[in-house]
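S.K.: Please read through the structure below; I'll follow up with questions.
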Amino acid sequence: MRLLKRIIFALYSRISNLIRNGYLRSIDFKIQTSISVYYRIIGYWEKMNRVDFYSKMTLEDLGLNAEEARHYGGSRSYELAKVVKRLNLPSDSSVLDFGCGKGAALYAFSKFPFKGICGIELSDIAYEIAVENVKNLSLEKRIQVILGDARSLKKELDSFNVFYFYNPFPPDVMKTVVQNVIDSLKNKNRDGYLIYNYPIDSVVIENFNQIKFMFQYVPFFFGGAIKVYKYNKV
Ligand SMILES: C[S@@+](CC[C@H](N)C(=O)[O-])C[C@H]1O[C@@H](n2cnc3c(N)ncnc32)[C@H](O)[C@@H]1O
């Protein structure tokens, strides 16, 4: 109840300040305000649950470099929920997040009845935080986090049929990982789904002719697109 009061008070003061300053006339300010209110609410929730999913991490924070990786930002769960619902996945599906960072997407996936949920993360700093987050949410039985390079997973991919990427690495690394995914889907003949959030290198996936584009989700208010692809078993 106290939390709700604080949220309403924060919203009220924010909006009345904006009206007083005449900012509400500007669409851009409306969007910026919504984003900051959204993250303010998330911030309260994170504090209450002693987790940290959404504070950004630069490459320096991650201890990585631009040739091998991209910085950390957490997936927004409501966007992933839209995509997962629309996919109508088989009931025995398992999902793997390539570059899971602190685990925001893993947490979003835990709201769905996946048989397995796993993330691999290259940065030991982000990995430690992900492990702590999973523990504090008592999700150890549902979510597995691995420390390592996404390129190193080969046979391990056989237990998954949904592969998630939130703009984790540069095109060269992406190409190797997608090739490993296709090899696994081919070897253990099964359907596979690739979900690519903020798809700035989607051409890498589209260059593999075994993979077909299914649909694109574009958030109504703010955020980048999410593209979904499918590999059909033979
Ligand atoms: C944009 S964040 C995505 C976080 C998470 N997937 C989510 O959606 O909430 C990208 C993450 O990929 C990780 N990463 C980059 N290269 C990697 C690699 N080769 N293997 C595993 N993780 C990697 C980065 O350290 C970073 O935490």
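The values are calculated or read from the model by the stated rules, or taken from the named source; none is laboratory data. Source: prediction; values computed, not measured. Neighbour counts are summed over all protein chains in view; Cβ atoms, including those assigned to glycine, are modelled from backbone coordinates with ideal geometry. Please note that ligands, DNA and RNA were not included when accessible areas were found on the heavy atoms of the full protein model with its side chains. Shrake-Rupley method; radii C 1.70, N 1.55, O 1.52, S 1.80 Å.
S.K.: In whole Å, what is the distance between the alpha-carbon centres of segment 159-203 and segment 86-112?
M.R.: Here the two parts' Cα centres lie 14 Å apart.
S.K.: Mind giving me the FRET efficiency for L4 and S138? R0 is 25 Å, r the Cβ-Cβ distance, nearest 0.05 is fine.
M.R.: Working from the Cβ atoms, E equals 0.55.
S.K.: For the chain, what does -39500 (n - 2.57) per DSSP helix run (n ≥ 4), summed and divided by total residues, give at 222 nm, in deg cm²/dmol to the nearest 500?
M.R.: -13000 deg cm²/dmol
S.K.: Using a 1.4 angstrom probe, figure out how much accessible area the chain has per residue, in square angstrom, rounded to the nearest whole.
M.R.: Accessible surface, normalised per residue, equals 55 Å².
S.K.: Moving on. Quantify, in whole percent, the carbon and sulfur part of the accessible surface of segment 34-116 (1.4 Å probe; protein heavy atoms only).
M.R.: Looking at segment 34-116 in its full context, I get 53 percent from C and S.
S.K.: State the three equivalent ellipsoid semi-axes of the chain, derived from the C-alpha gyration tensor as the square roots of 5 times its eigenvalues, in descending order and whole Å.
M.R.: 33, 20, 17
S.K.: Additional query: Any chance you could give the angle, 0 to 90 degrees and rounded to 10, that helix 27-49 forms with the longest Cα principal axis of the chain?
M.R.: It works out to around 80 degrees.
S.K.: To continue, here is another question. Work out how far the C-alpha atoms of segment 175-217 reach from end to end along every principal axis, then list the three figures in whole Å, largest first.
M.R.: Principal-axis extents of segment 175-217 (Cα, largest first): 28, 20, 16 Å.
S.K.: Within the set K115/K186; K102/K212; K135/K212; K141/K186; K154/K230, which residue pairs have Cα atoms separated by over 26 Å?
M.R.: K102/K212; K135/K212; K141/K186
S.K.: For segment 43-102, which chymotrypsin sites (Phe, Trp or Tyr not before Pro) pass both filters: DSSP loop (anything but H, G, I, E, B) and at most 16 other C-beta atoms within 10 Å?
M.R.: Answer in residue order: no site qualifies.
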